Every structure is written in C-alpha cells, then in structure tokens.
1. I'm told residue A:262 meets every condition in (1) among the acidic types (Asp, Glu); (2) under 25 Å from residue A:156 (Cβ atoms); (3) part of a helix (DSSP H, G or I); (4) modelled with pLDDT under 95 except one. Can you identify the failing condition by its number?
2. Would you check if there is a residue in segment B:34-43 being in contact (Cβ under 8 Å) with a residue 40 or more places away in the chain and farther than 26 Å from residue A:178 by Cα?
3. Keeping to segment A:25-78, report how many residues are of a type in the set (Val, Ile, Thr) and in contact with a Pro (Cβ under 6 Å, 6 or more places away or on another chain).
4. Can you name the residue in segment B:139-151 that is part of a helix (DSSP H, G or I) and within 7 Å of another protein chain (Cβ to nearest Cβ) and is also surrounded by the most Cβ atoms within 10 Å (Cβ to Cβ) among such residues?
5. Listed residues A:57, A:45; which is surrounded by fewer than 24 Cβ atoms within 10 Å (Cβ to Cβ) and part of a helix (DSSP H, G or I)?
6. Quick check on my filter: what residues within segment B:90-124 are of a type in the set (A, V, I, L, M, F, W, C) and touching a residue at least 24 places away in the same chain (Cβ under 8 Å)?
7. Residues in segment A:69-80: is at least one buried (at least 24 other Cβ atoms within 10 Å of the Cβ), among the polar types (S, T, N, Q) and without any contact (Cβ under 8 Å) to a residue 40 or more places away in the chain?
8. Out of the residues in segment B:125-138 meeting the condition of being touching a residue at least 12 places away in the same chain (Cβ under 8 Å) and in contact with a Cys (Cβ under 9 Å, 6 or more places away or on another chain), tell me which one is nearest to residue B:34 (Cα to Cα).
Number of protein chains: 2
Amino acid sequence: MNLKAEQKKKTEEINQILLDYLPKEGGREATLCAAMNYSVSVGGKRLRPMLLLESCKMFGGDVEAAKPFAAALEMIHTYSLVHDDLPAMDNDRYRRGQLTTHAKFGHAMGILAGDGLLNYAFEIMSEAVCVQGANAAKAMAILAKKAGVRGMIAGQTVDLELTGHATTTELLDYVNERKTAALLEASLMAGAALAGADEQTLSVLEQVGHFVGLAFQIKDDILDVTGDEAMLGKPLHSDEKNEKNTYVSLIGIERSNELVSEYSNRAVTLLESFEGPKEFLTKLLMSLAGREY
Amino acid sequence: MNLKAEQKKKTEEINQILLDYLPKEGGREATLCAAMNYSVSVGGKRLRPMLLLESCKMFGGDVEAAKPFAAALEMIHTYSLVHDDLPAMDNDRYRRGQLTTHAKFGHAMGILAGDGLLNYAFEIMSEAVCVQGANAAKAMAILAKKAGVRGMIAGQTVDLELTGHATTTELLDYVNERKTAALLEASLMAGAALAGADEQTLSVLEQVGHFVGLAFQIKDDILDVTGDEAMLGKPLHSDEKNEKNTYVSLIGIERSNELVSEYSNRAVTLLESFEGPKEFLTKLLMSLAGREY
C-alpha cells in the first residue's frame, strides 16, 4: 500500500463528504455560509475525519452512517482554528498559505462563521442521532466532551494564558493533551462507538489518540523551527515570535524528536491489540511522527 | 395566580438548575469556567428555559428529564449574548447593569467563554440523549437547528449587515424571526418534543413562538426608546446610537405597540387549542407584550 496515494484518495473522499454536508450558499445567509465554507475548504489534511472513518471500519462499522460525524468533526476542528486565528487570540492572518477567515471576511464574520461551524456540527450530528439511535448518541457525546471546556477549549485557554510566561513540560502536556490530543482521541473513539465498540475498546483508543496527539504536537513545534515554510503554508518561528513555550524551547530538538518516536510507537503498539483491518490507519499514525509538512 | 410571584419562584428554580449544570470552577480551567458561570449568572428572565419547562408540563412530560435541556437552552442564549457584546460585534460593555463578559474577563476570554457555553450546552444534551433516547434526540435537533446558521446565527449576521443601512419591515422581520423568535420557538417545541408531542403539535408551537418572538422583539425596540433605564439595566437609545433600524424608527411607536398586541393575541389564541395545564404559560406570554423592563 502506498500511504501517500491512499491518503490523497481518502482526503478527496472526505472533501466530498464535507461538500455534501456544508450549508449551501444562498439567500440572506450567503455571506455567513460563504465564510463557513471558505474556512473548511482552504485545505488541511482531514486527519480527524480520516481517523474517525478508519476507526469505524476497523471495528466493522457502517461508513455511510459515520459520514455525518466525520463532517461534523472537521467542522469542530475548523471552528477552533477560525477562532484561534482571531485578533484577540493568536492574531494570524494566514493559515495553510491562505488568508484566515477573519482576514478575508472581517472580524465579526470570523466570530460568526466559527459559531456557525460549531453549531452546524451538532445540527448534523443531532439529525443523525434521530435516525441512527444509541451508537450515534454515544459518538456525539464523545465528540462534545473532548471538544469542550475540559478538553479542546480548556487547552486553547491555558495555551493563551501561558503565552509569554515561563512554563514546564507538565503544563505543556496539559495544553497538548487538550488542545491537540483530545480531538484525535475523540476521532478514534467516536468512529469505534459508531461501530458499537465497548467501553474497554474506547479506553484503549483514547490512549492511542493521546499518544498520537502528543507526538503530533511536539512534531508541530519541531517543524516550526526546522520545517519548510512553503510546505507548511505558514511562516516559520511563529512560536518564538508569539513568545510561546514549546517542547523545543524546553528540552531541545533532539530530545523532542525522541519523544515523538516514543509516543508514536506506544500508539501503534496499542493499536496492534485490535484485529480489524488497520494497515492504512497504522501507517498513517506512524507517518505523523515523520511528516515533513 | 399571581404571575410575578410565580415567575419569580420559577426563575429561582431555573437558576438552581443552571447552578447544577454549569461546570464547577477549579483546576487550570478555573478562569474559563468562571467566565462561563459569570456570563450565565448575571441574571436575565430565564424566559427560554421557563417556556421549555412549561411546554413540557403542558404535554405531560417529565420535568426532571427536561432540566438538562432547560440548562442547555439558557447556555445557548447566553453564549449568543456574550459573542454579540464583543468589540467586533455590538461592542457593549454593559448588559443588565453588569459588565459584559469580555469587559470583565478580557476579549479572548469572551470568545472562549461563548464557545465553551455553546459546546457545553451540546455536551449536556448529548449525555441526556444517551440516557433518554429518541424524544431527547428530537429536542436537541430542534434546538440545534433553531440556534444555527438558518436560525439565530443568521439573524445576528444579517442584523450586523443591516446596521447603518436603510431597511424595510420585511428585512427586520427576517432578523427578528431568526435572532429572537427562533430560540423561543425552539423552547416551546423542545419542551413538547421531550413529552413526546407529534409533528402537528410542534408545528403549532412553532407558530406560537414565532408570534411571541416578534412581539417580544418589537417591544424591546419600543422599550429602547420609552423604557426605564434602571429597570432595563442598560442605556436607552442604544439602537439610535448604533444606527440600528427598528420597528419604532420605521413605523412609529403607536403602530409598533399595536403589532405587539396583535402578535401576542395570535400566540395565545393558538395556545388555547391545547388542553394541558397552561395558565402560567398563557399569562407569561401575554405579559411579554406588557412588560416594562
């Protein structure tokens, strides 16, 4: 299996799912919908919906039924980026080489498009739950919790609070666990929940997502120093510019790279305990540690 | 029945429900949770959860099971106020005589507290759906849709777009239907859905909420000109200051007052078709047209 080719094909499939589920532009809400659609369409690796769908497949679930959750998950991820980019937050005008939503549509529309994406994600999932029942409700509850005030939003809050202040690897772990790992955990867990997986399985997948998330975030910090600006689609050294403490600034690049490998290996080892088809998922998770973009 | 005394008692009951469901402050998320709790606790008439609970009772539903939805609904309403007050939106530093969330906790925390409340609302409802099943899923789907990009968020978007521009009563109706009526419709419909009401019933309740919402919003515009600043807890003439077109500026106070009465009467007439206990609900809806605060 060629990981890159397979990943590209799956990314395009997910882009199509997103197009199917995003609100159609038109009427008086045209600008709002355009801002939402722009935010989602400017790219990204679609890693979270990909993990959700692959996890669902691994446990023999119905991919068709998982599609609304894949779309909702990417909308939640996207809203968090749109709001993080706002002037009062990280104040970024570019992401993935494109203007951020507020830079293109104005500050107010940046707030509203983010709100719209978060609400729309739950609108889509609620409708799916009405049709699909218990497993879907469980998947939605997982996503809601991991995206919430003890999860992703807590991570962004503490990340902002730490900016410009001295920190420790413990505090960075707190942020990384919530800001990055929480939604990856949710991806794997929700996909499995849709397939009817039990609590024990969900708990192992939570750990897989946890280690993948930490590896992914530390790698992100490393790439901010050593990466290729054109491939990343954003300026290097943004952490330094924003006075953000990272693993690189705290323990150096070499030890950071070691941690990325260690966490990735732990994630893949845990994944091996499952019997379903998982070749692509395993390779994808491994590649996160080696990614150069 | 003394409406004011009964309303006060029910408001206190709802305040207790909110306290039960709001996140406990503490840990590293203390500031975030404090900002969320502050936003919700600074008051308000709790009209939406009150309508939800009364509607649920009218159709013989279980009030205990409706409590998480009442709490979630007030959180959604509150998040919309917190974000509307932001500098990039209406830029209000006071609401109900208190500092707005961003004025007290900073701009970034205003965004995050709003995000937190919206997400937490769906977290609470998702958990309830996992326990309660189909009726709860239906209630959540109603709230999600009415709060969303074809509902409340669309209203706020177009309201912002219209500010400073000439408008018509048709455009004002578009905004009022979405920004104000949509969540009132959702309150009545979700309460009934929790009690297992059928689609026909939900459709009538949607109309009730529609007329109540229009009456309420036009009354709000009137009070901005003729009200008592101390009782309103906010400065008068904010619409004029913000160059907002209102019913008052378009058709005058007298005709606006007539419309409030007309819409309120239509709402109450529709409500009379239902047989369950509704004395308090009816009086409450009637009072909306006569409120002086």
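The values are calculated or read from the model by the stated rules, or taken from the named source; none is laboratory data. Just so you know, these numbers come straight off a predicted model, no measurement behind them. No Cβ is skipped: glycine too gets one built from the backbone with ideal geometry, and neighbour counts run over all protein chains shown.
1. It fails just one condition, (2).
2. To start, the set of residues in segment B:34-43 that are in contact (Cβ under 8 Å) with a residue 40 or more places away in the chain comprises B:34-36, B:38-40, B:42-43.
Okay, now just the ones that are also farther than 26 Å from residue A:178 by Cα, so B:42-43.
Looking for residues that are in contact (Cβ under 8 Å) with a residue 40 or more places away in the chain and farther than 26 Å from residue A:178 by Cα, one finds at least one in segment B:34-43, hence yes.
3. Within segment A:25-78, the subset of a type in the set (Val, Ile, Thr) is A:31, A:40, A:42, A:63, A:76, A:78.
Next, only the ones that are in contact with a Pro (Cβ under 6 Å, 6 or more places away or on another chain) stay: none.
Adding up the residues that qualify gives 0.
4. Out of the qualifying residues, it is B:140.
5. Values: A:45 fails: part of a helix (DSSP H, G or I).
When all the criteria are applied, what remains is A:57.
6. Keep residues of segment B:90-124 that are of a type in the set (A, V, I, L, M, F, W, C), which gives B:99, B:103, B:105, B:108-109, B:111-113, B:117-118, B:121-122, B:124.
Hits for segment B:90-124 are B:105, B:109, B:111, B:112, B:113, B:117, B:118, B:121, B:122, B:124.
7. Looking through segment A:69-80, at least one residue is buried (at least 24 other Cβ atoms within 10 Å of the Cβ), among the polar types (S, T, N, Q) and without any contact (Cβ under 8 Å) to a residue 40 or more places away in the chain.
8. Restricting attention to segment B:125-138, the residues satisfying the condition of being touching a residue at least 12 places away in the same chain (Cβ under 8 Å) are B:125-128, B:132, B:135-136, B:138.
Checking the rest, the ones that are also in contact with a Cys (Cβ under 9 Å, 6 or more places away or on another chain) come to B:136, B:138.
Values: B:136: 29, B:138: 31 Å.
Here the answer is B:136.
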